[in-house]
Amino acid sequence: MLTFPNNFLWGSAASAPQTEGHSLLNGKSLTTWDKWFELNPEKFNEKQGPKDTSNVYEFYADDIKRMKEIGMNSYRTSISWARLLPDGKTLNKEAVAFYRDYFEKLNESGVKPIINLFHFDMPWWLMEKGGWEASESVTAFAFYAKTAFEEFGDLVEEWTTFNEPLVHIECGYLYGFHYPAIVDFKKAIQVGYHTLMAHVLSVKAFKEIKAKGRIGIILNVTPTYARSDSNEDQQAKKAADLLVIKSFLDPCVLGTIPNELIELLKEHDLIPVTKTGDKENIEMYPVDFIGINYYQPMRVKAPENPVKPAVTTTDLFASYDWPDKRINPYRGWEIYPEALYDVAMMMKNEYHNIPWFVSENGMGVAEEERFMDESGMIQDDYRIDFMKEHLTQLHRGIDEGSNCFGYHTWTFVDCWSWLNGYRNRYGFYRVDLENNFERTLKKSGIWFKELSQNNGF
Ligand code: BGP
């Protein structure tokens with residue numbers, strides 16, 4: 001039996017744009033997702049857009065009962081910026097009422113809300129002004145964050161600013177997966193810098209108004225693994241570490257941007273525009289805790305035919321296809337639970353053992369109806385095995401002193417996933433798209449209840 005620390009958080013994560021629905025109703029303004037779907041619906045799996053998603057806007061009270069049914073003691077979701085402040089300034093009263101009731105009901109049910117502020121959902125009004133490229137985004141976000149702390153601070157004690165900031169940077173400005181889908185390294189770095197400062201100024205606002213509880217950020221970081229010990233591969237690993245791990249972890253936890261990262265950016269003419277006082281604010285406002293989303297490791301090798309200055313990340317490090325990898329064929333992601341132990345050790349040894357939790361981990365599987373038994377329950381043993389393997393590695397790290405306080409899966413109820421729509425399913429509950437988003441418990445939900453009740457397995 002592997003037992004986890006007392007008061008360990010067992011739960012799931014989700015986000016406003018992926019679950020709420022009512023995306024064009026109740027006073028919410030458009031986000032880049034709503035607009036992109038309007039412009040290019042063919043880009044989305046089976047033309048499944050962000051409009052209705054899993055309709056949590058209507059079903060949240062029953063969903064919270066479902067959380068209790070499977071032993072969840074915590075839940076992370078986000079507030080939609082475009083719903084709370086449709087024009088960036090004016091408070092949407094209906095949104096306030098919705099989120100207050102949602103968070104109140106979570107608390108009453110003993111499900112601790114962990115509330116995030118940005119999950120890839122840039123309001124369209126701000127995108128039209130340049131989105132994260134524009135310096136206005138920093139102050140606009142800090143205003144939104146302060147508004148959220150003031151409106152919901154009595155109900156929420158665990159806040160996070162961003163979910164996976166690297167994703168909107170990489171997917172929007174380097175790899176073409178998210179709007180505006182452009183490829184421009186310099187812009188990507190500027191977008192990243194503004195995101196970092198938006199985060200820092202939100203932490204500052206949180207501390208200045210003396211909001212209760214703690215504030216953190218959710219990052220998708222994992223130690224990188226190089227193809228070999230050769231100098232070239234190790235150089236590539238170093239660049240990857242700087243750009244995809246230390247770029248956010250160091251300033252957010254240690255209060256500094258690493259010098260080596262600054263040197264690397266200088267070398268490739270990528271230094272962003274900064275403001276006086278930024279450095280001091282980064283130093284003064286580190287986070288109280290970190291959330292780490294972990295799905296797959298990052299394997300790197302020396303770049304092939306790199307150009308200088310770098311045009312994109314592959315001029316600094318290339319991704320390495322490890323021949324011995326195990327793969328989740330539906331999502332195409334490597335399965336490597338050992339990395340969770342390495343993450344735990346990294347947080348302990350390199351980030352002064354700051355409190356952290358696994359804020360997402362999960363397995364997306366397509367056409368899960370294949371695994372439905374006669375009673376209608378999906379027998380997702382693969383998901384249970386996936387969790388067991390990852391929890392075993394996490395437990396090793398905790399045993400060796402890493403300060404991990406929880407494990408959240410992605411996700412609670414099957415949800416909408418950006419361009420992939422509803423293709424890959426991750427939930428403890430199945431969502432029936434043909435039948436008004438009806439929820440049905442999967443076998444993994446029953447297992448999760450035992451896990452939480454026993455505080456281990
Ligand atoms: C994370 C995101 C989530 C979620 C998850 C699963 O990176 O924070 O929003 O979508 O990945 O990935 P996907 O939905 O792309 O299969």
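The values are calculated or read from the model by the stated rules, or taken from the named source; none is laboratory data. Just so we're clear, the structure is a prediction, and the values are computed from it rather than from any experiment. Cβ coordinates were reconstructed from backbone atoms using ideal geometry, including for glycine residues, and neighbour counts include every protein chain displayed. Side chains included, ligands, DNA and RNA excluded: accessible areas come from the protein's heavy atoms. Shrake-Rupley method; radii C 1.70, N 1.55, O 1.52, S 1.80 Å.
Quick one: dipole size for the chain, taken about the Cα centre, charges +1 on Lys/Arg Cβ and -1 on Asp/Glu Cβ, in debye to the nearest 20.
Numbers: 49 positive and 66 negative charges, 115 e Å.
Dipole about the Cα centre, nearest 20: 560 debye.
Given H placed 1.01 Å from N in the peptide plane, which residues other than close sequence neighbours of LEU219 have an amide H under 5 Å from its amide H?
Hits under the 5 Å cutoff: GLU164, GLY291, ILE292, ASN293.
Counting pairs of alpha carbon atoms under 8 Å apart in space and at least six apart in sequence, what relative contact order in percent does the stretch 9-454 give?
Working: 883 pairs, mean separation 76.5, N = 446.
Relative contact order of the stretch 9-454: 17 percent.
Per-residue accessible area for THR139 at 1.4 Å probe radius, Å² rounded to 10?
Accessible surface of THR139 is approximately 90 Å².
Considering only the chain, what is the antiparallel percent among its DSSP beta bridges, to the nearest 5? Present the calculation step by step, with values, prior to reporting the outcome.
Values: 13 of 47 bridges.
So the antiparallel bridges in the chain amount to around 30 percent.
If you plug each phi of the stretch 326-338 into the Karplus form 6.51 cos²θ - 1.76 cosθ + 1.60 with θ = phi - 60°, what whole-Hz ³J(HN,Hα) values come out, in order, with x for Gly and Pro?
So the J values, rounded to whole Hz, are 9, 10, 8, x, 6, 9, x, 9, 5, 9, 8, x, 3.
Just check the chain against the gyration tensor rule for me: Cα atoms, a ≥ b ≥ c as the square roots of the eigenvalues, rounded for a/c under 1.5, and otherwise prolate or oblate depending on whether a/b exceeds b/c.
Rounded shape, in that the Cα axes give a/c under 1.5.
From the phi of every residue in the stretch 372-382, what ³J(HN,Hα) in whole Hz does the Karplus formula 6.51 cos²θ - 1.76 cosθ + 1.60 yield, where θ is phi - 60° and glycine or proline is x?
Rounded to whole hertz, the list is 7, 8, 4, 7, x, 8, 6, 8, 8, 4, 4.
Using per-residue counts of other Cβ atoms within 10 Å, averaged over each peptide, order 385-398, 272-285 from highest down. Mind dumping the intermediate values first?
Working: 385-398: 18.9, 272-285: 13.4.
For the peptides 385-398, 272-285, the packing ranking is 385-398, 272-285.
Loop only by DSSP, 14 or fewer other Cβ within 10 Å of the Cβ. Give me the GluC sites (Glu not before Pro) in the stretch 90-140 that pass, ordered by residue number. Walk me through the numbers on the way to the answer.
Details: sites: GLU94, GLU104, GLU108, GLU128, GLU133, GLU136; in loops: GLU128.
Within the stretch 90-140, the qualifying GluC sites (Glu not before Pro) (loop, at most 14 other Cβ atoms within 10 Å) are GLU128.
So who's got an amide H within less than 5 Å of the one on VAL300, skipping anything under 5 residues away but keeping other chains? H placed 1.01 Å off N, in plane.
Correct list: TYR225, ALA226, ARG227, TYR320.
Add +1 for every Lys or Arg and -1 for every Asp or Glu among the other residues with Cβ under 13 Å from the Cβ of GLN379, and state the total.
Numbers: positive: ARG370, ARG383, ARG430, LYS442, LYS443; negative: GLU368, GLU369, ASP373, GLU374, ASP380, ASP381, ASP385.
After counting each charged neighbour, the total is -2.
Answer rounded, prolate or oblate for the stretch 237-301, using the Cα gyration tensor with square roots of eigenvalues a ≥ b ≥ c: rounded when a/c is under 1.5, else prolate when a/b is larger than b/c, else oblate. Kindly include the intermediate steps, with their values, before the conclusion.
Numbers: a/c = 2.70, a/b = 1.13, b/c = 2.38.
The shape class here is oblate.
Need the full-extension length gain, HIS352 to ASN40, defined as separation in residues times 0.36 nm minus the C-alpha distance. One decimal, nm.
Working: separation 312, 0.36 × 312 = 112.32 nm, distance 4.57 nm.
Value of the extension gain: 107.7 nm.
Compute the signed sum of charges (Lys and Arg +1, Asp and Glu -1) over the other residues within less than 9 Å, Cβ to Cβ, of TYR320. Kindly include the intermediate steps, with their values, before the conclusion.
On the way: positive: ARG227, ARG299, LYS301; negative: ASP233, ASP321.
With Lys, Arg at +1 and Asp, Glu at -1, the net is +1.
So for the chain, taking the charge dipole from beta-carbon charges (+1 Lys/Arg, -1 Asp/Glu), which of SER74, GLN234, GLY216 sits furthest toward the positive end?
With unit charges placed on the Cβ atoms, the residue in question is GLY216.
Which residues' amide hydrogens lie under 5 Å from the amide hydrogen of GLU158, considering only partners 5 or more residues apart or on another chain, with H built in the peptide plane?
ILE115, ARG214
With θ set to phi - 60°, apply the Karplus curve 6.51 cos²θ - 1.76 cosθ + 1.60 along the stretch 47-62 and write out the HN-Hα couplings as whole Hz, x wherever there is a Gly or Pro.
For the stretch 47-62, the Karplus curve yields 6, 8, x, x, 4, 9, 5, 9, 6, 5, 3, 9, 9, 4, 5, 5 Hz.
Which of HIS168, ASN305, ASN328 sits farthest toward the positive end of the charge dipole of the chain, with +1 on the Cβ of Lys and Arg and -1 on the Cβ of Asp and Glu?
Result: HIS168.
Tell me the mean residue ellipticity at 222 nm calculated for the chain from its helices only (DSSP H runs of n ≥ 4, each -39500 (n - 2.57), averaged over every residue, nearest 500). The partial results should precede the final answer.
On the way: 15 runs with 170 residues, N = 457.
Rounded to the nearest 500, the figure is -11500 deg cm²/dmol.
Classify the stretch 183-337 from the C-alpha gyration tensor, please: rounded if a/c falls under 1.5, else prolate or oblate depending on whether a/b exceeds b/c. Mind showing how you got there, number by number?
Details: a/c = 2.43, a/b = 1.42, b/c = 1.71.
Oblate, since a/c reaches 1.5 and b/c is not below a/b.
Here is the link list: LYS68/LYS212; LYS51/LYS266; LYS68/LYS93; LYS210/LYS442; LYS28/LYS210. Which ones come out longer than 32 Å on Cα distance?
On the way: LYS68/LYS212 25 Å; LYS51/LYS266 42 Å; LYS68/LYS93 29 Å; LYS210/LYS442 42 Å; LYS28/LYS210 29 Å.
With Cα atoms farther than 32 Å apart: LYS51/LYS266; LYS210/LYS442.
Where both residues lie in the stretch 289-406, what percent of DSSP beta bridges are antiparallel, nearest 5? Show your work: numbers first, answer last.
Details: 5 of 10 bridges.
Roughly 50 percent of the DSSP beta bridges within the stretch 289-406 come out antiparallel.
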